[in-house]
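*Asks:* Here it is, the structure in full.
Laboratory data are not the source of any read-out in this text; all were calculated from the coordinates shown. Model, not experiment: these values are computed from the prediction. Here the Cβ positions follow ideal geometry from the backbone for every residue, glycine too, while neighbour counts run over all protein chains shown.
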Amino acid sequence: MEKLTILTGAARYDASCSSSGTERGPKAGMLGAAANMGCCHSFSADGRCVSLLKVLLTNACTYDCRYCVNRRSNDVPRAAFEPRELAELTIGFYRRNYIEGLFLSSAVMKNPDYTTERMVETLRILRREYRFNGYIHAKAIPGTDPLLLRELGLLCDRMSVNIELPSEAGLRRLAPDKSKQAILLPMGRIRDGITENRDAVARYRRAPRFVPAGQSTQMIIGATPESDLQILRLSQGLYDRYGLKRVYYSAYVPVTENALLPSMDTKPPLLREHRLYQADWLLRFYGFRAEELLDERNTHLDPLLDPKCGWALRHPEQFPVDAQTADYETLLRVPGVGVRSARRIVSVRRTGPLHFEDLKKMGVVLKRAQYFLLCGGRAAPGLRMGPDTARRSLMLLEPPALSPGEQLSLFAP
Ligand code: SF4
């Protein structure tokens, strides 16, 4: 219990644990299933998405990242699980219905290879001895031997390598044992492994799966001075080059007094984190590029407006858009219109003219969309609008601020 308290507590700063993306269903003779369920669709007290068994193998780290509670120079109680001990604990919790999967991370014990060997052994016991078929997310440690990385990837559903900080300069300042190159290398290997595996599975249906739920990463926001534009450009590059499923943004929570870090009474920038998640959603599902959302004159997202509304207000030349005739991609750019409602509009309008009432039923948020949308050449009934009215009204639709404990919206803007 003592170990569990230390090692689950030490894992809570990692936000990259969403379990979406895997399709492995139940199997005869095996325990658990990874499809359509998640080990972390719940939220902790500080608003983060957590797995019910989100744990470190050890918090005894040989590295000294200044922002991290587990760093070598920090005087905290240390603990480490034996692989069998953690596997048994996981399976025991699973059987009691406490958890549906495992999010396994670790501090660097001795060196990356030694740590990864122990992670591989834990997952091997779980998968091969206990026949555990549920969801597993494992952290890859930069610097690990490619063969070990591959073994780990064959045992888990999702892997993540944390990019940690948004710039190389930030890494040099705060995580001197790490480098951007060393972090990107395993990301590239995981991407290549997934691509090769896809081909193998297409040829041999029974080929073992390598990281079937893809890879993700996490970066800390607010510990270093990078702008939102730099952060979004980095995320876009990661999506484009490494095919990442998700980039997680983690508002920096001060854990130590250090001249290189924000002071201990700095509040975690949760509203900024929330805006970055919204912008990230626009990059992944709405066809936006980082340079459209921000530019050299506007390097930070507007805290008072969601990024899509902010973009729309800066681009009056693109509006109004007529729901009756606009193409799907243009509809997606209208605030208040989501992926599903844009699809419905395109499908329903084939059968007849659209009305604002219909749009509402299709899931369009008219409180936002009315300023940018026409229906059959007509504006929303009763709408009086100038650019200032729209901005003011849209700002009023936004929550004033998020405080710790409030649930962060990770959903579409
Ligand atoms: S490697 Fe750095 S971030 Fe990871 S546990 Fe060790 S000190 Fe913390």
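*Asks:* Over all pairs of distinct alpha carbons, what does the Kirkwood formula give as the hydrodynamic radius of segment 160-287, in Å?
*Replies:* 16.0 Å
*Asks:* Where nothing but the Cβ of Lys and Arg (+1) and of Asp and Glu (-1) is charged, how large is the charge dipole of segment 216-262 around its Cα centre, in debye to the nearest 20?
*Replies:* Dipole of segment 216-262, to the nearest 20 debye: 260 debye.
*Asks:* If the chain between residue 204 and residue 339 were fully stretched, how many nm would it gain, using 0.36 nm times the residue separation less the Cα-Cα distance? Write out the running numbers ahead of the final one.
*Replies:* On the way: separation 135, 0.36 × 135 = 48.60 nm, distance 3.46 nm.
So the extension gain works out to 45.1 nm.
*Asks:* So what does the Cα-only Debye profile of segment 118-219 read at q = 0.10, 0.11, 0.17, 0.20 Å⁻¹, as log10 I(q)/I(0), no solvent term?
*Replies:* Scattering profile of segment 118-219, log10 relative to I(0): -0.30, -0.36, -0.78, -1.00.
*Asks:* Amide H of residue 133 versus every other amide H placed in the peptide plane: which residues, excluding those fewer than 5 positions away on the same chain, fall under 5 Å?
*Replies:* Sorted by chain and number, the residues that satisfy this are 31, 32.
*Asks:* Let me ask something else about it. For segment 132-183 and segment 327-388, what is the separation of their C-alpha centers, rounded to whole Å?
*Replies:* If we compute the Cα centre of each part, the gap is 43 Å.
*Asks:* Using every pair of alpha-carbon atoms in the chain, split the distances into 20 Å bins beginning at 0 and state the percent of pairs per bin, rounded to integers.
*Replies:* 25, 52, 22, 1
*Asks:* Just grab the label-to-label distance for residue 266 and residue 98, each label 7 Å out from Cα along the Cβ direction, in nm (one decimal).
*Replies:* 3.6 nm
*Asks:* To continue, here is another question. Give the dimensionless ratio obtained when the Cα radius of gyration of segment 321-379 is divided by 2.2 N^0.38 Å.
*Replies:* Taking N as the residue count of segment 321-379, the ratio is 0.92.
*Asks:* Output wanted: per-residue J couplings in Hz (rounded whole) for segment 205-211, from phi through Karplus 6.51 cos²θ - 1.76 cosθ + 1.60, θ = phi - 60°, x for Gly and Pro.
*Replies:* These are the phi-based 3J(HN,Hα) values: 4, 8, 4, x, 8, 10, 6 Hz.
*Asks:* Moving on. What helices does the chain have that are whole DSSP H segments, at least 24 Å long along their own axis by Cα, and with mean Kyte-Doolittle hydropathy of -0.5 or more?
*Replies:* Qualifying helices, which must be both long enough and hydrophobic enough, are 180-203.
*Asks:* Any of 267/308; 54/367; 54/361 with alpha carbons more than 30 Å apart? Name them for me.
*Replies:* Violating the 30 Å limit, Cα to Cα: 54/367; 54/361.
*Asks:* Mind sorting 367, 180, 54 by how few other Cβ atoms lie within 10 Å of their own Cβ, fewest first?
*Replies:* Ascending Cβ contact count within 10 Å gives the list 367, 180, 54.
*Asks:* Right, here's the next one. Can you sort 285, 93 from fewest to most other Cβ atoms within 10 Å of each residue's own Cβ? Mind showing how you got there, number by number?
*Replies:* Numbers: 285 13, 93 16.
Ordered from fewest to most neighbouring Cβ atoms within 10 Å, 285, 93 come out as 285, 93.
*Asks:* Would you please report the Å³ per residue occupied by the convex hull of the alpha carbon atoms in segment 190-253?
*Replies:* 80 Å³
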